[in-house]
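Down below is the structure, laid out as structure tokens.
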2 protein chains.
Amino acid sequence: MTVTLADVAARARVSPATVSRVLNGNYPVAASTRERVLRAVDDLDYVLNGPASSLAAATSDLVGILVNDIADPFFGIMAGAAQTEIGGPGDGSGRAGGEKLAVVCNTGGSPARELTYLTLLQRQRAAAVILTGGAVEDPAHQAAMAAKLAKLADAGTRVVLCGRPPLPEGEAVVAALAFDNRGGGRRLTEHLLTLGHRRIGYVAGPVERTTTRHRLEGHRDAMAAAGLYGDDTTTEGRLANGRDEDRLTVHGPYDRRSGYDATLELLRREPEVTAIVAANDTVALGASAAIRDRGLRIPEDISVAGFDDLPFSVDAVPALTTVRLPLFEAGARAGRLAMGKETPPPGGIATIAAELMVRGSTAPPRK
Amino acid sequence: MTVTLADVAARARVSPATVSRVLNGNYPVAASTRERVLRAVDDLDYVLNGPASSLAAATSDLVGILVNDIADPFFGIMAGAAQTEIGGPGDGSGRAGGEKLAVVCNTGGSPARELTYLTLLQRQRAAAVILTGGAVEDPAHQAAMAAKLAKLADAGTRVVLCGRPPLPEGEAVVAALAFDNRGGGRRLTEHLLTLGHRRIGYVAGPVERTTTRHRLEGHRDAMAAAGLYGDDTTTEGRLANGRDEDRLTVHGPYDRRSGYDATLELLRREPEVTAIVAANDTVALGASAAIRDRGLRIPEDISVAGFDDLPFSVDAVPALTTVRLPLFEAGARAGRLAMGKETPPPGGIATIAAELMVRGSTAPPRK
DNA sequence: CTGTTAGCGCTTTCAT
DNA sequence: ATGAAAGCGCTAACAG
């Protein structure tokens, strides 16, 4: 029933090996022979058997892209960019030449699913794997991940990290592109401090995530540097010191609902807050909604800031002050790295700069 | 180097066949034997060779989900929902039992890439394929798609359409879940007409897409039913008739930029418009930005409406009037259909209702 | 530049 | 309930 390589070979009056060589294009074949083979392929409407090919070659053309939340443009942009570098442009013939099959796998942020997908990809003998976004910091999971990635690398799979910090033992990884979440978080809060804010609420992401921790640390670094935490003696310092660090922080998932609820909670705990910093833009949107529902104005009563600079952030009203991450560029670079089209950065690690975008949602506090 | 089935068999002191049966769980095996095998698997850290398995079984555990734009939550939500039904929950062992590998492929809306991905999936002997979102209406491409899907179905791949109208010859498809784009578009414009709007600009999606056409047709149906197109004799009708149908419509991609530019263009062509209907929520966001940049207020000066009811739409200021599509539910159902966990609707076709969501961005026109 | 020949690692009748 | 053996369709030495 199904057409095989042998059928094509017979029709083209060559050996199966020659057909294979033509199809893979990685071996010299006479032009006339190639023509004949290609014609036979078209005539017979032949489609290569991927599993058979992968089995014999001990490698497949699958490239996995793991994302924490496929409905979040943060991941969608990176994944899409990576795919453009991996999948061939598609010549319209639908014949599918040497392209890789770039596939994105949605872990939903669950460590178990992350591991499962990695196993599935390992089982498929994937050519490469790209892990995007923050990692879960649970030690057991980290160890399991390191072991799994080492095994993948062992089997010849190229592993690239995109928007995720390098692993403790990073030798299994081709390259790690890490966002400067900490620096971005620090500069964002410095901006708020410069405007005159002192009582700043922070809506953090889920606990035990690198992204969450680094952004929060950046924020706290800035606060501490301004003497707003710990044993300082300024009035503001005393008001906001000590446990305020925790009192003014609420954790939750990276979604608008979390931003909404957490902001209501922060407003309840400390009605005097003059600014809310959100873990990302989506959360900031929820925070803004909560502020408005409480009858407060942005930025006159409360300033709001986000992180990522997703496409919709500039259209928020007022436009959202945030930290821009070059998601597309990073994703594309990860794709190239995964394909071996680009040489890894020195040490395999590159830190990607985050740029502060000041817009209408932040202003000096009232009074 | 790599551990094979035979190694496991040797260690468990059984035959390779038995190990295979234990792993696939589709054959009676004595409990004690199973225990022994499973232990050997763990001891050896064995991972099934997917390609070999697929080759022998003539089917793989890959399920492809094609999307037009992975950075668009419209697709992300459907794809994520489908994946929850397809991938096993992940038991945390990372062992990966009978799960399928649900992978999403980003076509970027390009017909050529769509076909290429289908070929790649065919090559992998995918267990199922889910096509999401609007289809390109070019006859040549439709024919190519129909042929390709027929071939996939022939090879045992289950094909499911989600948010895409059924094919002319739909026998290759397990099921088609179509959104009621036309009805939704009609009700949305009826809402505007009821408010008193007569001069309504329409920012449509890309031409030659089913989604674009159906939503636009719904809009025009409503306009025509109100006597606002064609040879009527009312004052409004005369003002807005004939070529106005085209003059008040601008096509563009489904992104905010397109909404921004198109709205500026509509405002230029017809300064008297009192409402802008956008092809989807993202476009509506761009339209809103353009309206504001022109110094006009929403909804006092101009009403704005979108389509889809994406999560951010309720947080827009003012909240966006739109048409809600049950994206998650549809995606999940498509996933179940692809897995054969749910029986297809009668005739293989189900139309999914669209619900009008009236919010703050629409109001009666001024004066 | 092209043909021959072995497998790649697993599933699956067919026996037992 | 388990084992033996025959491929699945392709690639990759190795010749020529």
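Quick note: the coordinates plus some simple rules give every number you see, no bench work behind them. Note that the structure is a prediction, hence the values are computed from the model and not measured. Backbone-built Cβ (ideal geometry, glycine too); neighbour counts: all protein chains shown.
Things to note:
- Where a label projected 7 Å from the Cα of B:LEU44 along Cα→Cβ would reach, residues of the stretch B:6-25 with amide N under 11 Å: B:6-17, B:19-20
- Taking Lys and Arg as +1 and Asp and Glu as -1, the other residues whose beta-carbon sits under 11 Å from that of B:VAL314 total +1.
- Per-residue average of Cβ from other chains inside 10 Å of B:308-315: 5
- With Cα atoms, 0 to 90° folded angle of helix B:210-225 axis to chain B main axis: 30
- Kirkwood hydrodynamic radius (C-alpha pairs) into Stokes-Einstein, the stretch B:2-73, 10 °C and 1.306 mPa s, D in µm²/s: 114
- Plainly put, the tip 7 Å out from Cα toward Cβ on A:VAL358 is 4.4 nm from that tip on each other copy, the closest given first.
- Computed from the C-beta positions of B:THR343 and B:SER32 and an R0 of 45 Å, the FRET efficiency is 0.70 to the nearest 0.05.
- Converting phi to 3J(HN,Hα) with the Karplus coefficients 6.51, -1.76 and 1.60 and the offset θ = phi - 60°, the stretch A:36-45 yields 4, 4, 4, 5, 4, 4, 5, 4, 7, 6 Hz in sequence order, with x at every glycine or proline.
- Computed from point charges on the beta carbon alone (+1 for Lys and Arg, -1 for Asp and Glu), the dipole magnitude for the stretch A:274-367 about its Cα centre is near 140 Debye.
- Within the listed set B:THR157, B:THR212, B:THR351, the residue fluctuating most in the Gaussian network model of chain B (springs between alpha-carbon atoms under 10 angstrom) is B:THR351.
- Residues whose amide H comes within less than 5 Å of that of B:GLY134, counting only those at least five positions distant or on another chain, are B:THR211 (H built at 1.01 Å from N in the peptide plane).
- Tail beyond 39 Å, pair distance distribution of chain B (Cα, percent): 31
- Amide H within-cut-off set for B:THR249, under 5 Å, with H built and near neighbours excluded: B:TYR202
- In order along the stretch A:250-267, the Karplus-derived 3J(HN,Hα) couplings, from 6.51 cos²θ - 1.76 cosθ + 1.60 at θ = phi - 60°, round to 10, 9, x, x, 7, 9, 5, 4, 4, x, 5, 5, 5, 5, 4, 5, 4, 5 Hz, and Gly and Pro are given as x.
- Rounded, prolate or oblate (a/c below 1.5 giving rounded, otherwise prolate when a/b exceeds b/c) for the stretch A:21-165 by Cα gyration tensor: prolate
- Relative to the longest principal axis of the Cα atoms of chain B, the long axis of helix B:327-339 lies at roughly 30 degrees.
- For B:LEU55, net neighbour charge (Lys/Arg +1, Asp/Glu -1) across residues whose Cβ lies under 14 Å away: +3
- Interchain or long-range residues, amide H under 5 Å from A:ALA278's placed H: A:VAL203, A:ALA305, A:GLY306
- For a label point 7 Å along the Cα-to-beta-carbon line of B:THR2, residues of the stretch B:29-72 with backbone N under 19 Å: B:41-62
- Cα centroid separation - the stretch B:322-346 against the stretch B:8-81, whole Å: 26
- Expected 222 nm ellipticity per residue - DSSP helices of 4 or more, -39500 (n - 2.57), all of chain B, to 500: -13500 deg cm²/dmol
- Seen from A:GLY183, the other residues with C-beta closer than 12 Å to its C-beta sum to a net charge of -1, counting Lys and Arg as +1 and Asp and Glu as -1.
- Between 0 and 90°, nearest 10: helix B:139-154 axis offset from chain B longest Cα axis: 30
- One compactness figure for the stretch A:93-235 is 1.36, namely its Cα radius of gyration divided by 2.2 N^0.38 Å.
- Table column - 3J(HN,Hα) (Hz), the stretch B:275-283, Karplus curve with 6.51, -1.76, 1.60, x for Gly and Pro: 8, 10, 9, 9, 5, 7, 5, 5, 4
- P(r) tail, the protein assembly as shown: Cα-Cα pairs separated by more than 37 Å, 46% of all pairs.
- Relative contact order (%) - chain B, alpha-carbon pairs under 8 angstrom, separation at least six: 16
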